[in-house]
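Here the structure comes first, spelled out in structure tokens, and everything after it is commentary.
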Amino acid sequence: MSDLNDPRVFFAAERTLLAWNRTSLTVMAFGFVVERFGLFLHVVTQKQDEALLRGVSFWVGAAFILLGVVTAILSVVQFRSVLKTLKPVEIPQGYWVNLGVFTNVAVALLGLAMVVYLFSGLG
């Protein structure tokens, strides 16, 4: 339990959640770039009619995207556990505390959709 009775504690936790949101987005974007770089190399170095094989860049890119998904989910879990330790006086009256949580969950779901898209062979 926090003994500060100060809403700045809540806002600090929310800023941390949003920083993890940016981190997870960055990791996912990097994974997508790595995955697409393998496709670019295939187009540049191979003949167009050869079959596209999933190489190292595909697996590394997909791993980075999944790492971003896990980061987004774990940051929500961490934020919710911190929120449980706060007193009602530390959370501003009428403030919607779940906006950052919903954002991180949406980022995680979109990251999972991106991985499914990559594995489906459409990408």
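The values are calculated or read from the model by the stated rules, or taken from the named source; none is laboratory data. Here the structure is a predicted model, which means the values were calculated and not measured. When we count neighbours, we look across all protein chains shown, and the Cβ atoms used for this are built from the backbone with ideal geometry, even at glycine.
Results, tabulated for the structure shown:
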{"quantity": "Meets criteria (modelled with pLDDT under 90, surrounded by 14 or more Cβ atoms within 10 Å (Cβ to Cβ) and not acidic (Asp, Glu)) for LEU86", "calculated": "no"}
{"quantity": "Residue that is farthest from VAL9 (Cα to Cα) [pool: residues in segment 55-97 that are of a type in the set (Ser, Thr, Tyr) and within 16 Å of the chain's Cα centre (by Cα)]", "calculated": "THR71"}
{"quantity": "LEU67 being surrounded by 14 or more Cβ atoms within 10 Å (Cβ to Cβ), out of contact with any helix residue (DSSP H, G or I) (no Cβ under 7 Å at 6 or more places or on another chain) and under 13 Å from TRP20 (Cβ atoms)", "calculated": "no"}
{"quantity": "Of all residues making up segment 79-118, the number that are more than 12 Å from LEU18 (Cα to Cα) and aromatic (Phe, Trp, Tyr)", "calculated": "3"}
{"quantity": "Members of segment 81-122 found to be over 17 Å from GLY31 (Cα atoms), assigned to a helix (DSSP H, G or I), in contact (Cβ under 8 Å) with a residue 24 or more places away in the chain and not polar (S, T, N, Q), listed by number", "calculated": "VAL82, LEU83, VAL89, GLU90, GLY100, VAL101, VAL105"}
